[in-house]
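The values are calculated or read from the model by the stated rules, or taken from the named source; none is laboratory data. The structure presented is a predicted model; accordingly, all values stated were derived computationally and were not measured. Neighbour counts are summed over all protein chains in view; Cβ atoms, including those assigned to glycine, are modelled from backbone coordinates with ideal geometry.
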Amino acid sequence: MSARDEILGKVRRALEGVDRTREVPTPPRVPAYAPDARVDLFDERVADYKAVVERCTRARLPEVVAEAVRRHAGPDALVVVPVDLDAGLRAEVTAALPAVVVDGPGQTLSAAELDATSGVVTAARVGIAETGTIVLDHTGDQGRRAISLVPDLHVCVVRADQVVDDVPDAVDLLDPSRPHTWISGPSATSDIELDRVEGVHGPRTLHVVIVED
């Protein structure tokens, strides 16, 4: 018996005789925000986590993304993009930056190759205004989990229409069968003597680009 089977067996035995017909209470919801107010709050809360936030139009998106990479990682940065990142954006970013590599099925980067990159550019599944959280569900335009955790810089593109009010609203949109990564600011810990250390469990720098058209 595997450890997984042993653990699940204990869970099943613990649930024997438990009434499973009880209704699940509806979680409380925050007041609904107007679209502009929702995006403004998301912007504010993401910045509170010490992330960099920019807002731009779709026409300026490649320019803003490329400049964000250069700003944080330098002009010669090696950047990874997921294979299904918007084709137009990917082409324009590739043209604007000297070194871009693609990660995806059939061209998966090794751990060492990922570690050698300076940053990653991805899309997102949803942004949460109340908490300033970004959720990735690792579909093709977001890539596998490793590419958003190993590079030191994460440039994440969030459309304004992807921003929802609160966590329950986000959960309603997520597929529970998919892996999810919830991001609230750059990776940081204060485990040792309460000294904040960034970049321990993921990117040291998070740069969020909100696309408003």
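Per this entry, V39 is counted among residues that are touching a helix residue (DSSP H, G or I) at 6+ places or on another chain (Cβ under 6 Å), under 20 Å from R159 (Cα atoms) and not in a strand (DSSP E or B). Selection of the range 8-36 for residues being more than 23 Å from D172 (Cβ to Cβ) and in a helix (DSSP H, G or I) yields L8, G9, K10, V11, R12, R13, A14, L15.
Applying the set (1) within 14 Å of the chain's Cα centre (by Cα); (2) over 22 Å from L41 (Cα atoms) to T131 leaves exactly one unmet item: (2). If you go through the range 145-165 and keep only what is surrounded by fewer than 19 Cβ atoms within 10 Å (Cβ to Cβ), among the charged types (D, E, K, R) and either in a loop (DSSP other than H, G, I, E, B) or within 12 Å of the chain's Cα centre (by Cα) (or both), you end up with just R145.
Restricting to the range 91-107, give me the number of residues that are of a type outside the set (A, V, I, L, M) and either within 30 Å of A34 (Cβ to Cβ) or exposed (fewer than 15 other Cβ atoms within 10 Å of the Cβ) (or both).
Here is the first cut: in the range 91-107, the ones of a type outside the set (A, V, I, L, M) are 92, 94, 98, 103-107.
Going one step further and asking which of them are either within 30 Å of A34 (Cβ to Cβ) or exposed (fewer than 15 other Cβ atoms within 10 Å of the Cβ) (or both), we end up with 98, 105-107.
Here the count works out to 4.
Remark: pairs (first residue in the range 76-87, under 20 Å from S110 (Cβ atoms) and small (G, A, S); second residue surrounded by 16 or more Cβ atoms within 10 Å (Cβ to Cβ) and modelled with pLDDT under 90; Cβ separation under 9 Å; 6+ apart in sequence or on different chains) = A77/L97. From the list V64, V52, V79, V83, the one residue that fits, being among the β-branched types (V, I, T) and surrounded by 21 or more Cβ atoms within 10 Å (Cβ to Cβ), is V79. The range 42-115 holds helices (runs of 4 or more DSSP H) entirely within its bounds, and those carrying 3 or more residues that are touching a Ser or Thr at 6+ places or on another chain (Cβ under 8 Å) and either modelled with pLDDT under 95 or under 23 Å from G140 (Cα atoms) (or both) map to 61-73. Sub-7 Å Cβ pairs linking a first residue in the range 4-32 that is polar (S, T, N, Q) to a second residue that is part of a loop (DSSP other than H, G, I, E, B), at least 6 apart or interchain, number zero.
For (1) touching a residue at least 40 places away in the same chain (Cβ under 8 Å); (2) under 23 Å from A47 (Cα atoms), each residue gets a yes or a no:
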| site | (1), (2) |
| --- | --- |
| A91 | no, no |
| D103 | yes, no |
| V126 | yes, yes |
| L149 | yes, yes |
| V157 | yes, yes |
| Q162 | no, yes |
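Report, by residue number, each residue of the range 78-118 that is among the small types (G, A, S) and within 16 Å of S148 (Cα to Cα). Those that are among the small types (G, A, S) and within 16 Å of S148 (Cα to Cα): G104, S110, A111, A112, A116, S118. A124 falls short on exactly one of the conditions (1) aliphatic (A, V, I, L, M); (2) part of a loop (DSSP other than H, G, I, E, B); (3) surrounded by fewer than 17 Cβ atoms within 10 Å (Cβ to Cβ), and that condition is (3). For V200, indicate whether it is among the aliphatic types (A, V, I, L, M), surrounded by fewer than 17 Cβ atoms within 10 Å (Cβ to Cβ), within 23 Å of S110 (Cα to Cα) and modelled with pLDDT under 95. Judged against the criteria, V200 is a match. Tell me which residues, restricted to the range 116-143, are modelled with pLDDT under 95 and of a type in the set (A, V, I, L, M, F, W, C). A116, the sole residue that qualifies.
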